[in-house]
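The values are calculated or read from the model by the stated rules, or taken from the named source; none is laboratory data. Remember, predicted model here, so these are calculated numbers, not experimental data. Note that we place each Cβ from the backbone using ideal geometry, even for glycine, and neighbour counts take in every protein chain shown. To get the accessible areas, we keep the full protein, side chains included, count just its heavy atoms, and leave off ligands, DNA and RNA. Shrake-Rupley method; radii C 1.70, N 1.55, O 1.52, S 1.80 Å.
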Amino acid sequence: MTLSRQPTGRPVTILCAGIAVQDILFRVDAFPPPGGKTMTNEMQIVCGGCAVNAAIAVARLGGAARYSGPLGDEADNSSNQLVAAMRQEGIDTSATVRVAGAAMPVSGIMIDATGERVIVTYRDPRIEAAAPPDPDTLVAGADLLLADNRFPSYVRPICEAARRRGIPVVLDADRPTTEDDPLFGIPTHVVFSSECLRATTGLSDLSAGLLRMMPRTKAFLAVSDGPGPIRYIAGGALQTLPVFQVDAVDTLAAGDVFHAGFALALAEGCDEHQALRFGAAAAGLKCAQFGGSMGAPARADVEAFLAGA
């Protein structure tokens, strides 16, 4: 499966809006019991957060990635390190908002031998209260907006500005919310994590959860489920798409890579089924690499993987 590029030959531009986190990763054989200790010989400090992870994946998959989200102030070392790392990946960070007196979120993450993780996160409340720069100017030139719902008051005006311009909006529904959340009424596409959909609807069955959300939005609806099949609604009917089986060593950021691949494929003209498959392939390859967002694959690797699938 080879995706087509823009007729102009230029990469499509994806604006990724939402949360940024500095991830401190520890690789362990097994999680310690409550009150216990464990040792590791592998530790990394990497970029994290749904929108930042997605921007990195977009850039590696051949798109032109832009990031907008709130960070700590100019004296916050973690924020400065994250901006430098994003720029090294080729991401446009000019639309970041530096919040006076604040520090950016930081997560401590243990990843065990099966690829599962345990996460604890620190978040300065001033970060969540930040407002975006001029949203209409921000979305100008974007082919698609990919936003997560971790900071809804930040991303909502950006989503609204994109829709006013006729720009597709993919919402990464990652944070549990309410069924009548007004943010669901804005995007063209809403892709839930399984945890978010279950917590939002109160239904353990993901298919039932998607159907429950249908009256709440006119958007295309889908839900990812780790190694389980992707569920989505097409033509009013529930559909499933098996994901690719891989030997997972690190599932951190896999959902964000999936959203990035899906969004990029849509922006390049694929239909939803094709875009979901491309995103699933990118996420599968990410799971086979340790390092959170740093395990996001290159485009050539995804296309080779799909060609052999």
- Residues of the range 1-48 satisfying the condition of being part of a loop (DSSP other than H, G, I, E, B), in contact with an Asp or Glu (Cβ under 8 Å, 6 or more places away or on another chain) and modelled with pLDDT of 90 or more: Val12, Gly18, Ile19, Val28, Asp29, Ala30, Phe31, Thr38
- Message: Anything in the range 282-309 that is touching a residue at least 60 places away in the same chain (Cβ under 8 Å) and under 16 Å from Ala59 (Cα atoms)? List them, or say none.
- Response: Ala282, Lys286, Gly292, Ser293, Met294, Ala296, Pro297, Ala298, Arg299, Val302, Glu303
- Does Glu160 fit the bill of being open to solvent by 40 Å² or more (accessible area, probe 1.4 Å) and without any contact (Cβ under 8 Å) to a residue 60 or more places away in the chain? yes
- Evaluation of Pro70 against (1) over 30 Å from Ala304 (Cβ atoms); (2) at pLDDT below 95; (3) not basic (Lys, Arg) (one fails), failing number: (2)
- Query: Taking the stated definitions as given, is Ser293 touching a strand residue (DSSP E or B) at 6+ places or on another chain (Cβ under 7 Å), at pLDDT below 95 and assigned to a helix (DSSP H, G or I)?
  - Reply: yes
- Can you pull out the strands (runs of 3 or more DSSP E) entirely within the range 52-128 that have at least 1 residues that are touching a strand residue (DSSP E or B) at 6+ places or on another chain (Cβ under 7 Å) and open to solvent by less than 50 Å² (accessible area, probe 1.4 Å)? 64-68, 106-111
- Test set (1) in a helix (DSSP H, G or I); (2) out of contact with any Phe, Trp or Tyr (no Cβ under 6 Å at 6 or more places or on another chain) - Ala281 fails condition number: (2)
- Task: Of all residues in the range 239-264, count the ones that are more than 12 Å from Ala57 (Cα to Cα), under 18 Å from the mean Cα position of the chain (by Cα) and either modelled with pLDDT under 95 or open to solvent by less than 10 Å² (accessible area, probe 1.4 Å) (or both).
- Result: 3
